[in-house]
Amino acid sequence: MADDRTREFKLVDNEEGKMKISLTAVYDALKEKGYNPVNQIVGYIVSEDPSYITTHKNARNIIRKIDRDDLLEILVRSFLDVK
């Protein structure tokens, strides 16, 4: 019997996935250069000063493509375990 339920397409999940991949790449680049990645990323998010992020492996350009407001929303939702 065919499934008559309507599938739900969530673009947000795809965007979150892309953001996670980008943030992981930035994290890895910072770690490779010997920085504390969490501290550096937080510094960037709070100040929007790109000098917190290394240029190694294009990390600075990668993080600039992430919308900080969207990132903060995702982080808060994740921390609170809400959707």
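The values are calculated or read from the model by the stated rules, or taken from the named source; none is laboratory data. If you're wondering where the values come from, they're calculated on a predicted model, not measured in any experiment. In this analysis, Cβ positions are derived from the backbone assuming ideal geometry, glycine residues included, and neighbour counts consider all displayed protein chains. Ligands, DNA and RNA are stripped out before the accessible areas are found, and what is left, the full protein with its side chains, is counted by its heavy atoms. Shrake-Rupley method; radii C 1.70, N 1.55, O 1.52, S 1.80 Å.
Observations, loosely collected:
- Accessible area per residue, Å², segment 15-64 with all protein chains present, probe 1.4 Å: 62
- Along principal axes, Cα extents of the chain, largest first, whole Å: 57, 25, 18
- Protein accessible area in the chain, 1.4 Å probe - carbon and sulfur %: 51
- Sorted largest first, extent of segment 35-83 alpha carbons per principal axis (Å): 34, 21, 19
- By accessible area with a 1.4 Å probe, ligands and nucleic acids excluded, highest first: order of 78, 47: 78, 47
- Measuring with a 1.4 angstrom probe and ignoring ligands and nucleic acids, residue 15 comes out at about 90 Å² accessible.
- Within the full protein context, the accessible area of residue 72 is estimated at about 80 Å² for a probe radius of 1.4 Å.
- Surface calculation, 1.4 Å probe, protein heavy atoms: residue 81 sits at approximately 130 Å² accessible.
- Computed over protein heavy atoms with a 1.4 angstrom probe, the accessible surface ordering of 60, 77, largest first, is 77, 60.
- Charge-dipole axis of the chain as Lys and Arg at +1 and Asp and Glu at -1 on Cβ define it, positive-most pick from 45, 61, 35: 35
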